[in-house]
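Data block below; observations after.
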Amino acid sequence: MKRFGFLPLFILIFTFSCGSKEEKLSSEMPMEIQTFISLIEYDFELLEQEIEKIETTILDLFSNKEDVLKNADRLKYKIEGTFANAAPNADPKKSTLYIPTTGLDKEAVEEMIYLTNPLDDVFKKVLKDNDVITQVYFNSAIQLNRLYPPYDARTMLDPDLDVTSFNFYYKADEKNNPNRDLVWVDEIYIDPVGKGWVLSLLNPIYFEDQLKMVLAFDISINSILENYLAKTSRQLVIIDQTGTVVAGKPKAIEALSLPPLKNHTYLQTITLDSFRPEEYNLFKSKSREVRKMISHLMLAGGTNYDLEEGLEIYEVKSYDMKRLNWLILDVAIK
């Protein structure tokens, strides 16, 4: 069982590191930014604890499989082609099931449907209790995929996708995550079922040393804007480990010579991992000054940079996050 320590919020706000250099940086960090980072870290730690609670429930289902199957409601879902309970006429109390044609073991799929039907109520409660989670789901190697809340799967998904080829599965599989840890997919990507830009928390579920499924929470980038960035007066930009912008305040985005950030919408189905385009990667910026800045901050270990863009000079300070491999840029006119 994977375990993470719990720290009260007031400790998180004041405790960022133990090294002398990191302590110095922490002491120089404005309280508003300390609070901003700590709130995200604290909330995301709670999500880790939440997804581990669901793991316990799932393992109980597998441990008591015979009794669960004996009492299962085998008429709960009506499979129509490769889908069940798909919007727009879906029952909101149930998940949507997606069973692509790539799944060959129909008996195993049917058994897992009956075994995991009790998760519908669990998934529903998780969304109700956690504002930042947009959807909760699992994907399995046998190609049964259960997602709540229900969605228009027929329109959004081709019938023959292999979900194990997507990052929300393979990032946590046996090859890429041999330690079986929780995994944050902190490089944002386009959600295949229409939620726009998301990051994901993954939990590989093993029973009797076999990977049964990858359980996941999706967090919309819009929720980060609404729940965290909107509550600070500072011009902040969040970037991931590749130098790509995750989210940011409009004035800070403009100062970094970036196009406005918009949530992605699309008409076609997504068939491959789709990440934020290169125009939002600061290492590939059209501005030479921005490229120098991000190289200084991410590659040379710098913590601040005077960015000259047009007639303005901006002081850009950088701060690390712990739980996610993100960098916070604080942009201010000098």
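The values are calculated or read from the model by the stated rules, or taken from the named source; none is laboratory data. A quick note: this is a predicted structure, and the numbers were derived from the prediction, not measured. Cβ atoms come from the backbone with ideal geometry, glycine included; neighbour counts cover every protein chain shown. Note: accessible area is taken over every heavy atom of the protein model, side chains too, but ligands, DNA and RNA are not part of it. Shrake-Rupley method; radii C 1.70, N 1.55, O 1.52, S 1.80 Å.
Residues of segment 294-324 being part of a strand (DSSP E or B) and open to solvent by 50 Å² or more (accessible area, probe 1.4 Å), which ones? Passing the criteria: Asn304, Asp306, Glu308, Glu312, Ile313, Glu315, Lys317, Asp320. Within segment 74-100, residues that are assigned to a loop (DSSP other than H, G, I, E, B) sit with their Cβ atoms under 9 Å from residues that are open to solvent by less than 30 Å² (accessible area, probe 1.4 Å) and charged (D, E, K, R), at 6+ positions apart or across chains, in these pairs: Lys76/Asp120; Lys93/Asp120; Lys94/Asp120; Ser95/Asp120; Ser95/Arg146.
Return yes or no: is Arg154 touching a Gly at 6+ places or on another chain (Cβ under 9 Å) and not acidic (Asp, Glu)? Please lay out each step first, then the result.
Details: touching a Gly at 6+ places or on another chain (Cβ under 9 Å): yes; not acidic (Asp, Glu): yes.
Criteria met by Arg154.
The numbered conditions (1) surrounded by 15 or more Cβ atoms within 10 Å (Cβ to Cβ); (2) at pLDDT below 95 are all true for Pro88 except (1).
Considering only helices (runs of 4 or more DSSP H) fully contained in segment 1-67, which possess at least 2 residues that are at pLDDT below 90 and exposed (fewer than 15 other Cβ atoms within 10 Å of the Cβ)?
Working: elements: 9-14, 20-28, 31-63.
In segment 1-67, the matching helices (runs of 4 or more DSSP H) lie at 9-14, 20-28.
Just wondering, is there one or more residues in segment 235-247 that are open to solvent by 10 Å² or more (accessible area, probe 1.4 Å), assigned to a loop (DSSP other than H, G, I, E, B) and in contact with a helix residue (DSSP H, G or I) (Cβ under 6 Å, 6 or more places away or on another chain)? The answer is yes, given that some residue of segment 235-247 is open to solvent by 10 Å² or more (accessible area, probe 1.4 Å), assigned to a loop (DSSP other than H, G, I, E, B) and in contact with a helix residue (DSSP H, G or I) (Cβ under 6 Å, 6 or more places away or on another chain). Listed by first and then second residue, the pairs with beta-carbon distance under 6 Å, at least 6 apart or on different chains, first residue in segment 171-184 and over 11 Å from Ile51 (Cβ atoms) and assigned to a loop (DSSP other than H, G, I, E, B), second among the β-branched types (Val, Ile, Thr) and at pLDDT below 95, are Lys171/Val185.
From Ala153, Ala172, which residue is farther than 19 Å from Leu202 by Cα, small (Gly, Ala, Ser) and either buried (at least 21 other Cβ atoms within 10 Å of the Cβ) or touching a helix residue (DSSP H, G or I) at 6+ places or on another chain (Cβ under 6 Å) (or both)?
Ala153 is the lone residue from the list that is farther than 19 Å from Leu202 by Cα, small (Gly, Ala, Ser) and either buried (at least 21 other Cβ atoms within 10 Å of the Cβ) or touching a helix residue (DSSP H, G or I) at 6+ places or on another chain (Cβ under 6 Å) (or both).
None of Phe168, Phe217 is under 23 Å from Ser38 (Cα atoms) and either among the hydrophobic types (A, V, I, L, M, F, W, C) or part of a loop (DSSP other than H, G, I, E, B) (or both) except Phe217. Does Lys195 satisfy being farther than 30 Å from Ile313 by Cα and without any contact (Cβ under 8 Å) to a residue 60 or more places away in the chain? In short, no. A single member of Val163, Val132 is out of contact with any Leu (no Cβ under 7 Å at 6 or more places or on another chain), modelled with pLDDT under 95, within 29 Å of Ser63 (Cβ to Cβ) and open to solvent by less than 20 Å² (accessible area, probe 1.4 Å), and it is Val163. Looking at (1) open to solvent by 10 Å² or more (accessible area, probe 1.4 Å); (2) at pLDDT 90 or above; (3) part of a helix (DSSP H, G or I), find the lone condition where Ala252 falls short. Evaluating Ala252 over (1) open to solvent by 10 Å² or more (accessible area, probe 1.4 Å); (2) at pLDDT 90 or above; (3) part of a helix (DSSP H, G or I) leaves (1) as the failure.
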